[in-house]
Amino acid sequence: MTLQSHARFITIEGGEGAGKSTVLAALREFLLARGFEVVSTREPGGTPLAEQIRSLLLDTHHEPPAVETELLLVFAARAQHVREVIVPALQRGAWVISDRFTDSSYAYQGAGRGLDAGFIADLERRVVGIEPGITLLLDIGVAHGRERARGRDLAPGASGPDRIEREHDHFFERVRDGFLARAQAEPRRFRIIDATQSAEAVAAQALSHLRALADT
Ligand SMILES: Nc1ncnc2c1ncn2[C@@H]1O[C@H](COP(=O)(O)OP(=O)(O)O)[C@@H](O)[C@H]1O
Ligand SMILES: [Mg+2]
């Protein structure tokens with residue numbers, strides 16, 4: 001069984017503070033202005049149950065999950081998200097933009113935690129079954145991304161770093177390399193964007209990729 005690709009399904013990937021949420025808002029505005037229905041969502045999460053699983057994943061109040069527990073929780077949330085939100089939206093013709101999707105599992109639980117990519121691919125085939133038509137990878141150095149995320153998390157009302165944001169730089173270096181390796185392996189789906197540029201420049205590049213896709 002292969003993955004079903006959906007042209008109107010866009011995912012945005014990259015490390016902490018790369019600017020994923022910022023780009024998502026720009027893409028959403030662009031598509032809404034053209035009269036499309038847009039469902040913007042995020043992972044882990046995207047449904048009430050999946051958001052509860054997200055809290056379990058990111059909380060620091062219980063013992064740290066085993067790496068296998070982390071992987072299965074992420075996929076449990078994704079199974080729900082795909083069935084409750086993403087597939088129904090695509091079936092009614094909406095665009096779906098997700099802040100993170102399965103590539104994040106290959107990067108964080110695979111490259112980052114050292115879990116076998118073949119096992120992740122099995123879960124992807126059996127539990128997810130779909131893939132985006134286009135994935136924007138926002139690439140930025142680990143220190144630079146963390147600096148941006150810190151600035152955001154110091155804003156009034158923001159919560160402090162979550163369990164994964166507390167990881168060491170080495171972990172995030174492996175995550176970054178994991179994302180880049182995914183992009184190299186699937187050049188037709190991925191567009192790598194230099195996320196060190198200004199928010200305006202990043203959004204302009206993301207929109208040009210989206211326009212190219214919409215014209216074809
Ligand atoms: N290109 C950019 N240049 C400078 N700051 C940015 C840029 N993109 C986003 N930011 C800021 O950096 C912080 C992290 O961006 P955010 O979109 O929340 O990243 P992510 O969702 O990838 O973690 C936010 O405070 C945001 O306003
Ligand atoms: Mg974000």
Pick from H170, H209: which is part of a helix (DSSP H, G or I) and within 22 Å of L31 (Cβ to Cβ)? H209
Among (1) within 13 Å of ligand 1 (Cβ to nearest atom); (2) without any contact (Cβ under 8 Å) to a residue 40 or more places away in the chain, I53 falls short only on (1)
Take T22 and tell me if it is open to solvent by 50 Å² or more (accessible area, probe 1.4 Å) and within 15 Å of the chain's Cα centre (by Cα). yes
Selected residue (criterion: farthest from ligand 2 (Cβ to nearest atom)) from residues of segment 1-19 that are over 17 Å from the mean Cα position of the chain (by Cα) and modelled with pLDDT under 95: M1
Go over the candidates A155, A199, A204, A149 one by one and state the one that is more than 24 Å from A111 (Cβ to Cβ), hydrophobic (A, V, I, L, M, F, W, C) and at pLDDT below 95. A155
Subset tally (residues that are open to solvent by 20 Å² or more (accessible area, probe 1.4 Å) and not β-branched (V, I, T)) for segment 83-98: 7
Residue list for segment 4-24, filter: closer than 21 Å to F179 by Cβ and of a type in the set (A, V, I, L, M, F, W, C): F9, I10, I12, A18, V23, L24
Take A158 and decide whether it is open to solvent by less than 60 Å² (accessible area, probe 1.4 Å), over 20 Å from S98 (Cα atoms) and either among the aliphatic types (A, V, I, L, M) or more than 16 Å from ligand 2 (Cβ to nearest atom) (or both). yes
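The values are calculated or read from the model by the stated rules, or taken from the named source; none is laboratory data. All values derive from a computational prediction rather than experimental measurement. As a convention, Cβ positions derive from the backbone with ideal geometry for all residues, glycine included, and neighbour counts pool all protein chains shown. What goes into the accessible areas is simple: the full protein's heavy atoms, side chains included, and nothing from ligands, DNA or RNA. Shrake-Rupley method; radii C 1.70, N 1.55, O 1.52, S 1.80 Å.
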